[in-house]
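Structure, as structure tokens:
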Amino acid sequence: MVSGDCTSFGGAITPIRLTLTHSRSYIEQLKHHLPVFSEISSSSKQIAGSEDLLTEIFLRLPPKSLLRFQCVSKHWLSLISSGHFRRLHTRRNATSSASTVGVFLCRHPNYDFLALNEERISEMGRIYDRLSDSRGSKVVCNINSCNGLLCVGFKSDDAKTDFYIYNLTTGHHRFIPVPETMIVKSMNLAFDPNISEDYYVVCVWFSVSENRLCFSVYSSGSGIWRHSNEHCNKVDLCSYGGVFWKGAVHWFSQTSPFLCLQVDTCVFKSMPSTDIPEGQWYRNIEYFGESGGHLHLIEIHKPQDIEFDVLELKSDYSCWFVKYRVNLEFLTNLYPMMVNQEVYPPEDYNFPYAFSTLCFLRDEENRARALISLPGKIVVFDIHNGMVKELADIQPDSFRNFIGGARYDCFDAYKHVETLAFV
């Protein structure tokens, strides 16, 4: 389990207080003694009686609060649970900088949730329990997340895998039927509430008869799979989950050109790759993800590098450019466990420093933070002001912290966003 003190990323939120009155006689007494209370109660009655005003207030509240407010009255339940309101709330809060409330961490066979602030700790625990109830004795595999929805595979003892789409905020889930002819290699979510309330599941699967990777897209709206005419033979494409951005799912490769599939047309789209360093046959990409409406990538060129660039893909797909330059050398003084203590490390682990970027968070105000996993710790690093805050302690898998892996990497982490979206 992950535990520890959490710190909020977002700024302070001014609470909205609603004064509810249940007795007319009580109001009359207040009018004689406390005139100001009369004005407050009158305003409360106006708010309660105006569905438009209530809707505007509710649209500014997080999903967690709204789910609680459904218990206040039948009127509030009807308003908040209506399809119209949930679609409107999901659309309006789709790009909120405060929407990312935690990270889903998965390292086979275990998984956990890391809340990004103290207020979310108990809530993330409930999400953990909710998913555990669904899991039973099955193994969690093939995970992918997108804008609040989570795609999870549950593998049983007979090697059969069932796939579900979860909204872990509302607790709702949906089974995704997969044709038996499709040998699934990866499932990738595509969901943009600004465009549509429907989501799509992009499946990369292996065709035995054709001996190659194929692509199919499932629509939540129609419940039908569309099969693409595109195919590829990139073996390592299956090793990493795709990232949804600008209507397409993107995959990177350590050895081959990057790949991009347009979801609506099921057709490949041209996408630039980063150069493979001279003298090497592979890239060393440590992070690949979307944040703040942009696609980012981190590549460590040399094992001894503790300074690296955060690359961003231009919106016209013309090239990758350096968005941020990060130097974490100062962290070695704060956390000496970052330095490799192995006297004779295996060749595959011949790295002087141990750290991974789990998640890159960039908001509408262009503030950037990186969630970094160190041996035994998870910290958040503010790229702009250099502030570092500890979020969690991680128990090591073994006494060899550096190699045993008392840390996660970006391929173990999936952002959790609160949403009222339907599944």
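The values are calculated or read from the model by the stated rules, or taken from the named source; none is laboratory data. Remember, predicted model here, so these are calculated numbers, not experimental data. Counting neighbours? That spans all protein chains shown, and the Cβs are built from the backbone with ideal geometry, glycine included. With ligands, DNA and RNA removed, areas are computed over all heavy atoms of the protein, side chains included. Shrake-Rupley method; radii C 1.70, N 1.55, O 1.52, S 1.80 Å.
Apart from one condition, H250 fits all of (1) under 27 Å from S318 (Cβ atoms); (2) open to solvent by 20 Å² or more (accessible area, probe 1.4 Å); the exception is (2). Considering segment 146-166, the residues that are closer than 23 Å to S291 by Cβ and in contact with a His (Cβ under 7 Å, 6 or more places away or on another chain) include one that is surrounded by the most Cβ atoms within 10 Å (Cβ to Cβ), namely I165.
Just to be sure, is S97 assigned to a loop (DSSP other than H, G, I, E, B) and either at pLDDT 65 or above or open to solvent by 20 Å² or more (accessible area, probe 1.4 Å) (or both)?
Numbers: assigned to a loop (DSSP other than H, G, I, E, B): yes; either at pLDDT 65 or above or open to solvent by 20 Å² or more (accessible area, probe 1.4 Å) (or both): yes.
Judged against the criteria, S97 is a match.
Looking across segment 373-392 at every residue that is under 19 Å from R362 (Cβ atoms) and among the aliphatic types (A, V, I, L, M), the one that is surrounded by the most Cβ atoms within 10 Å (Cβ to Cβ) is identified as I378. Given the structure, is E299 under 24 Å from G386 (Cα atoms), open to solvent by less than 40 Å² (accessible area, probe 1.4 Å), charged (D, E, K, R) and in contact with a His (Cβ under 7 Å, 6 or more places away or on another chain)? No, not satisfied. Restricting attention to segment 185-203, does a residue exist that is among the hydroxyl-bearing types (S, T, Y), more than 20 Å from the chain's Cα centre (by Cα) and on the phi < 0 side of the Ramachandran plot? No, because not a single residue in segment 185-203 is among the hydroxyl-bearing types (S, T, Y), more than 20 Å from the chain's Cα centre (by Cα) and on the phi < 0 side of the Ramachandran plot. Here segment 188-240 is the region considered, the condition is being of a type in the set (D, E, K, R) and surrounded by fewer than 13 Cβ atoms within 10 Å (Cβ to Cβ), and the residue that is farthest from Q254 (Cα to Cα) is E210. Evaluation of T274 against the conditions (1) in a loop (DSSP other than H, G, I, E, B); (2) modelled with pLDDT under 90; (3) open to solvent by less than 40 Å² (accessible area, probe 1.4 Å) shows that the sole unmet condition is (2).
Taking segment 393-416 as the range and being more than 25 Å from E299 (Cα to Cα) and either at pLDDT 85 or above or of a type in the set (G, A, S) (or both) as the test, only S398 passes. The set of residues in segment 277-335 being assigned to a strand (DSSP E or B), out of contact with any helix residue (DSSP H, G or I) (no Cβ under 7 Å at 6 or more places or on another chain) and among the hydroxyl-bearing types (S, T, Y) consists of S291, Y324.
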